[in-house]
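A.B. asks: Provided herewith is a single structure, encoded as structure tokens, for subsequent inquiry.
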Amino acid sequence: MGKEILKLQNGSDIRGIAMNGVEGEDVNLTRYNALAIGAAFAHWLGFKVGKNSFDLKICVGRDPRITGPDLADALMSGMAYLGVQVSDAGLASTPAMYMSTIMPYYEFDGAIMVTASHLPFNRNGFKFFTAEGGLNKADITEVLEYAASAHILPFEYNAESVNLMQMYAAHLRSMISTGVGGDLSNMKIVVDAGNGAGGFFANNVLAPLGADISGSQFLDPDGTFPNHQPNPENKEAMESICRQVRETGADLGIIFDTDVDRSAAVTSKGQPISRNAIVALAAAIGADDYPGGTVVTDSITSNELHTFLEDNLGLKHLRYKRGYKNVINKAIELSQEGENAFLAIETSGHAAYSDNFYLDDGAFLAVQTIINAANLKREGKGIEHMIADLAEPAESVEIRFNLTADNFSEVGDKILEDMKVWAEQAEGLSLELPNYEGVRINYSLGGHDGWFLLRKSLHDPVMPLNVESSSEGGVKLALALIKEFLEDREGIDISVLC
């Protein structure tokens, strides 16, 4: 196995190809890899919490991917090989797996979620938790380095089955009941689980509270994801739930990703609340409880959102880096320094509140959205009332440039350094400062105002470019200027601009 297993690291997660079915994608997340990774996590965790492996209790859950049961079994076998007491949560959500480390009844030393989020059916991966939260990038590296040198044999074991999701659903029901002062008998809510793990939210959280969930769709777990990609950012997925909300006359729509750590909403008129709008809504929900607090977002949030957060809600907005762990860790850092950083959120829908352990939990955000929607309905208003003052950019586009050189990281760095100099010298351009990722530039060209951000991908030989304009026609002008800057540079393919 050797060092090949190190390539499975994807930031603070592990991800790989777990089954055949896509041409050109060979399996690299094997059962033996999972066996070694399970043992490696147990080894790492023992040092982390100061326990002998025989005293460790670790829980494993999974999303409905076809390869989930086999990989979960291998993880538990690898941990049991070292004497760990293993528990099987079966079909679960990622946030529930973290909660298993802090719920008084369970309080596991660690937990593993088998999931690859919204990625295709042939992919899978692992997310790891302790009571302190999800593992960071350096932690994952340590786990994989140990796994690379481990020699673990398959081991027969007995795992206790735990009904974790029943307790987690009860926790969510309690929050809603308290927040609305009763039940949800006045609400018709469409839930779209995308055939992932989120169907429990409709059946075990909303229905027992009296909500009408009759219009909900794709609640049954199916690891082939036959209807649409389980991803709130996916255009087809969002169009599907928006249409369903309109056709069923629902008060609200909620859509989850596969493992329920992300969510977005839909208004009663069938309009999506996602990307910048879900950031605005999440902030508006907490603004009264955290006056003047800080919202940490990823780097591609709009100027219009910045204005809404700071001018309309009276909050502070810090744009940071892409990557949900980057955003969460920055908010935690600010909080430890005494700043009231109550929300860390990406435009992808990862939302982590300080009063929910800085856990990116799509179900928690959905609960807060539903509480506010139910209370607003009594006033004859919809959830969109909370973000009525949020302006949207007139144009928005994302383009991904492939880096073609072997030393693609150095090529990307050089382009970004040159872009800073270019922005300081070119008319109509100005650098956005402070800035923590790539180069973000504000532009004023031919009567059009907007911004663009060029950055390096977190993992791949790619440079994503995001461009927005406050008026129609601005993006075209900005792209022409960017093409002129890039066209003579080696190591980057800009054919998408031609």
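What follows draws every value from the coordinates through simple rules; no lab data is involved. Not measured: the values here are computed from a predicted model. Here the Cβ positions follow ideal geometry from the backbone for every residue, glycine too, while neighbour counts run over all protein chains shown.
A.B. asks: Can you give me the distance in nm between label points at K137 and L6, each placed 7 Å from the Cα along the Cα-to-Cβ direction?
C.D. replies: 1.5 nm
A.B. asks: Apply the Karplus curve 6.51 cos²θ - 1.76 cosθ + 1.60, θ = phi - 60°, to the phi angles in region 250-258 and return the couplings in whole Hz, x for Gly and Pro.
C.D. replies: So the J values, rounded to whole Hz, are 6, 7, 6, x, 10, 10, 10, 8, 4.
A.B. asks: Please report the net charge: other residues with Cβ closer than 11 Å to the Cβ of A405, K and R +1, D and E -1.
C.D. replies: Result for the local shell: -2.
A.B. asks: Is the chain rounded, prolate or oblate when judged by the Cα gyration tensor, a ≥ b ≥ c being the square roots of its eigenvalues, rounded requiring a/c under 1.5 and prolate requiring a/b larger than b/c?
C.D. replies: oblate
A.B. asks: What net charge is computed for the residues neighbouring T294, neighbours being all others with C-beta under 9 Å from the C-beta of T294, Lys and Arg scored +1, Asp and Glu -1?
C.D. replies: 0
A.B. asks: Cα centroids of region 365-379 and region 1-32: how far apart, whole angstrom?
C.D. replies: 41 Å
A.B. asks: Under the rule a/c < 1.5 gives rounded, and otherwise a/b versus b/c splits prolate from oblate, where does region 395-497 land using the Cα gyration tensor?
C.D. replies: Prolate, since a/c reaches 1.5 and a/b exceeds b/c.
A.B. asks: Taking 8 Å as the Cα distance limit and 6 or more residues as the minimum spacing, I'd like the relative contact order of region 395-497 as a percentage.
C.D. replies: Answer for region 395-497 is 34 percent.
A.B. asks: If Lys and Arg each add +1 and Asp and Glu each add -1, what is the summed charge of the other residues whose beta carbon sits under 12 Å from the beta carbon of Y157?
C.D. replies: Cβ neighbours under 12 Å give a net charge of -4.
A.B. asks: Over the chain, what is the relative contact order in percent, taking alpha-carbon pairs closer than 8 angstrom and at least six residues apart?
C.D. replies: 11 percent
A.B. asks: Would you mind getting me the FRET efficiency between V27 and K414? Use the beta-carbon distance for r and R0 = 45 Å, nearest 0.05.
C.D. replies: 0.80
A.B. asks: Over its Cα atoms, what ratio of radius of gyration to 2.2 N^0.38 Å does region 165-257 give?
C.D. replies: 1.06
A.B. asks: Quick one: length gained pulling E424 to T307 fully straight, 0.36 nm per residue minus the C-alpha distance?
C.D. replies: 39.7 nm
A.B. asks: Could you give the alpha-carbon Rg of region 2-162 over 2.2 N^0.38 Å, rounded to two decimals?
C.D. replies: 0.93
A.B. asks: A further question follows. Hey, how many Å between the Cα centroid of region 437-488 and the Cα centroid of region 99-116?
C.D. replies: With region 437-488 and region 99-116 each reduced to a Cα centre, they are spaced 42 Å.
A.B. asks: Given charges of +1 on the Cβ of Lys and Arg and -1 on the Cβ of Asp and Glu, with all other atoms neutral, how large is the dipole of region 122-265 about its Cα centre, in debye to the nearest 20?
C.D. replies: Rounded to the nearest 20 debye, it is 320 debye.
A.B. asks: Using a 10 angstrom Cβ neighbour count of at most 10 plus a DSSP loop assignment to flag exposed trypsin sites (Lys or Arg not before Pro), which longest range of the chain is free of such sites?
C.D. replies: Longest stretch, sites excluded: 1-268.
A.B. asks: Given region 1-155, what count of lysine pairs have C-alpha atoms under 19 Å apart, with each pair 8 or more places apart or on different chains?
C.D. replies: 8
A.B. asks: What is the extension gain from E432 to R400, computed as 0.36 nm multiplied by their sequence separation minus the C-alpha to C-alpha distance, in nm to one decimal?
C.D. replies: Stretched out fully, the E432 to R400 stretch lengthens by 9.4 nm.
A.B. asks: Right, here's the next one. For region 34-48, list residues with backbone N below 17 Å from a point placed 7 Å from the Cα of M103 toward its Cβ?
C.D. replies: Residues passing the 17 Å test: none.
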